[in-house]
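See below for the structure under consideration.
No lab work stands behind these numbers, since they all come straight from the coordinates. From a predicted model like this one, the values you see are computed outputs, not experimental measurements. Cβ placement follows ideal geometry from the backbone for every residue including glycine, while neighbour counts extend to all protein chains displayed.
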Amino acid sequence: MITVSAFCKMHSSFWKSLTPTTDIFIRRLNLGHYEREFPEMKVSTHPMRRGFINEVAFAAFCQSASRNESWPLRKLTKSELDEAVASVHSLSIRREVGGERISSQNFTADELFDIEEQRSRLSRIFSFNRPAGSLIVEPIFPGCGIVDASKGDLIVSNVLFEVKAGDRLFRSIDIRQLIMYSAMNHISKRFRIEKLGLFNPRVGVSAIISIDDLCDEISGRQSVELFSEIVAAISSGEVSR
């Protein structure tokens, strides 16, 4: 069994064959077909620590959302920050620097600001003015074939969001992950998902597109047809790399 992320990275031939125009779609999206939600963050977080900081910020936001806290958020307490750090350390892919197990006491002032600002932006976009029960954090999609059960990032009403906080715009692998979660949900029927979204709190941009429109854009297929082909491939285990 492999993760959704690993499947999206390792099987490039499969994806190029099935969704040949994903790169074209991403190039067009990144040329300005996105929404500017916030100014780009200017924080001097060291690039080697940025991945961990992003994970902590997202974990802290999920904890705030689980407590039904809405924007504007109060500042994190030390115990809440410790809880977010512990949550990230428990992930199967650990965000550690040079073998060091990071604690909240290791954060610089810039890193603490980075975490708080990302958390605030996530809350402003996903929690503010939303009806109760419309936000699902870290939805679990049942495994299928060679792909293990996986956690997505967020479902807001009928939109599945992937959150990427890198110092960049969007990439093809972001689209592949959304398509994989959608295909797994197509089989399980666990959630009502009609649209797919991307949000980068660091760069401050977002994009939303209907599932049917995205599948047509990247593969020329209807969503049901594309998802059926993905499910058949991962169920058989005969997937090209």
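Observations on the model:
- Packing-based exposure ordering (other Cβ within 10 Å, fewest first) of Asp216, Asp114: Asp216, Asp114
- If you take the Cα centroid of the range 194-228 and the Cα centroid of the range 18-41, the two points sit 11 Å apart.
- Antiparallel bridges, percent of DSSP beta bridges restricted to the chain (to nearest 5): 75 percent
- Under the simplified labelling scheme, the Met48-Arg241 pair shows an inter-label distance of 3.0 nm, with each label point 7 Å from Cα along Cα→Cβ.
- Projected-area mean, the chain, by convex hull of Cα positions, square nanometres: 12.8 nm²
- In sequence order, calculated HN-Hα J values of the range 147-163 (Karplus, 6.51, -1.76, 1.60; Hz; x Gly/Pro): 9, 6, 4, 9, 9, x, 8, 8, 10, 10, 6, 10, 10, 8, 10, 10, 9
- Positive end of the dipole of the range 176-229 (Cβ unit charges, origin at the Cα centre): among Pro201, Gly220, Gln177, the Cα lying farthest that way belongs to Pro201.
- R0 of 22 Å, Cβ-Cβ distance Thr77-Glu138: FRET efficiency to nearest 0.05: 0.55
- Calculated from backbone phi, Karplus (6.51, -1.76, 1.60) coupling profile of the range 186-199 in Hz, x at Gly/Pro: 4, 7, 7, 6, 6, 10, 8, 10, 10, 9, 10, x, 10, 9
- Cβ-Cβ distance of Ser228 and Glu116, R₀ of 45 Å, FRET efficiency by 1/(1 + (r/R0)^6): the value works out to about 0.55.
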